Amino acid sequence: MRTITSLLLCFFLGGCANIATYPPVESGVVLSNPNSANEPVPTILAEVLLYAHSQYGGMDIIVFNLPKGMTPETYSIVSDKLGGAVPLTIDNQVAYHITELRIRGLSAGADVTFPSPSGGYEEASIRLTSAPFENWAVSDSRVWLIPSLTPPSPNILTSGNTIDE
């Protein structure tokens, strides 16, 4: 009986895979994303920003921009997780921009635009993994050697509403 209970518990805990993409992608399978303020989204975003800050530098206080489709509550949760990081609200301010986030079960990927030492911006892809009852951690990253001169615009308005396209 204990074996059957254990198998059922594993099935129910692992049977539902979290799937989310930001900015949202409409398809026949996924018509809407879950609320971006729900875990593990804020934790993954915070891990990506901490990794980008530690590996690529560029500023003392983390200023960040999240992908389109994130709620103001998500910005607040990520800011708290980063110990007071500041959401980007002004064009052309030096910041880390997470331009895309993909979550598929216990693996995630994010594309980040970050300030370059040469004055422009560079892009990187960061992969994260997790396991049941373990924290999310960066497993791989790659900097793309395609410089960008202009950073993305802020995706959150100061009034608290996200910008939709």
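The values are calculated or read from the model by the stated rules, or taken from the named source; none is laboratory data. This one's a predicted model, so the numbers in the text were calculated from it and none came from an experiment. So basically every Cβ, Gly included, is an ideal-geometry build from the backbone, and we count neighbours across all protein chains shown.
List the pairs whose first member sits in segment 127-154 and is under 11 Å from A108 (Cα atoms) and assigned to a strand (DSSP E or B), whose second member is among the aromatic types (F, W, Y) and modelled with pLDDT of 95 or more, and whose Cβ atoms are under 6 Å apart, counting only residues at least 6 apart or on separate chains?
L128/W136; V138/Y51
Got a sec? Which of F64, F12 is outside any loop (DSSP other than H, G, I, E, B) and modelled with pLDDT under 80?
Values: F64 fails: modelled with pLDDT under 80.
After ruling out the rest, the residue left standing is F12.
If I98 passes every condition in (1) in a strand (DSSP E or B); (2) modelled with pLDDT under 95; (3) aliphatic (A, V, I, L, M) but one, which one does it miss?
Unmet condition: (2).
Can you say whether T113 is touching a strand residue (DSSP E or B) at 6+ places or on another chain (Cβ under 7 Å), over 15 Å from V41 (Cα atoms) and either assigned to a helix (DSSP H, G or I) or not acidic (D, E) (or both), as far as the supplied structure shows? So that I can check it myself, show each step before the final result.
Values: touching a strand residue (DSSP E or B) at 6+ places or on another chain (Cβ under 7 Å): yes; over 15 Å from V41 (Cα atoms): yes; either assigned to a helix (DSSP H, G or I) or not acidic (D, E) (or both): yes.
Yes: the conditions hold for T113.
Return the residue satisfying two criteria in turn: it lies in segment 65-81 and is touching a residue at least 60 places away in the same chain (Cβ under 8 Å) and either among the polar types (S, T, N, Q) or within 11 Å of T43 (Cβ to Cβ) (or both), and of such residues it is surrounded by the fewest Cβ atoms within 10 Å (Cβ to Cβ). Let's see the steps before the verdict.
Taking segment 65-81 as the starting set, the residues that turn out to be touching a residue at least 60 places away in the same chain (Cβ under 8 Å) are 65-72, 75.
Applying the additional criterion that residues be either among the polar types (S, T, N, Q) or within 11 Å of T43 (Cβ to Cβ) (or both) yields 65, 71.
On the way: N65: 24, T71: 18.
Taking the candidates together, the pick is T71.
Out of curiosity, is A108 within 11 Å of I44 (Cβ to Cβ), touching a Phe, Trp or Tyr at 6+ places or on another chain (Cβ under 9 Å) and either of a type in the set (A, V, I, L, M) or touching a residue at least 12 places away in the same chain (Cβ under 8 Å) (or both)? Steps first, please.
On the way: within 11 Å of I44 (Cβ to Cβ): yes; touching a Phe, Trp or Tyr at 6+ places or on another chain (Cβ under 9 Å): yes; either of a type in the set (A, V, I, L, M) or touching a residue at least 12 places away in the same chain (Cβ under 8 Å) (or both): yes.
Yes.
Exactly one condition in (1) over 18 Å from L149 (Cα atoms); (2) of a type in the set (F, W, Y); (3) not in a helix (DSSP H, G or I) is not met by Y51; state its number.
(3)
Please state which one of E123, E165 is under 21 Å from G69 (Cα atoms) and modelled with pLDDT under 90.
Values: E123 fails: modelled with pLDDT under 90.
Only one candidate passes the filter, namely E165.
Quick one: in segment 114-157, which of the residues that are of a type in the set (D, E, K, R) and surrounded by 15 or more Cβ atoms within 10 Å (Cβ to Cβ) is farthest from I103 (Cα to Cα)?
Pass one, segment 114-157, residues of a type in the set (D, E, K, R): 122-123, 127, 134, 140, 142.
Subset that is surrounded by 15 or more Cβ atoms within 10 Å (Cβ to Cβ): 122-123, 127.
Numbers: E122: 23, E123: 19, R127: 10 Å.
Ranking the candidates gives E122 first.
Quick test of your reading of the structure: V41 fulfils all but one of (1) out of contact with any helix residue (DSSP H, G or I) (no Cβ under 9 Å at 6 or more places or on another chain); (2) modelled with pLDDT under 95; (3) crowded, with 23+ Cβ neighbours inside 10 Å; (4) within 19 Å of S139 (Cβ to Cβ). Name the failing condition by number.
Against the list (1) out of contact with any helix residue (DSSP H, G or I) (no Cβ under 9 Å at 6 or more places or on another chain); (2) modelled with pLDDT under 95; (3) crowded, with 23+ Cβ neighbours inside 10 Å; (4) within 19 Å of S139 (Cβ to Cβ), V41 comes up short only on (1).
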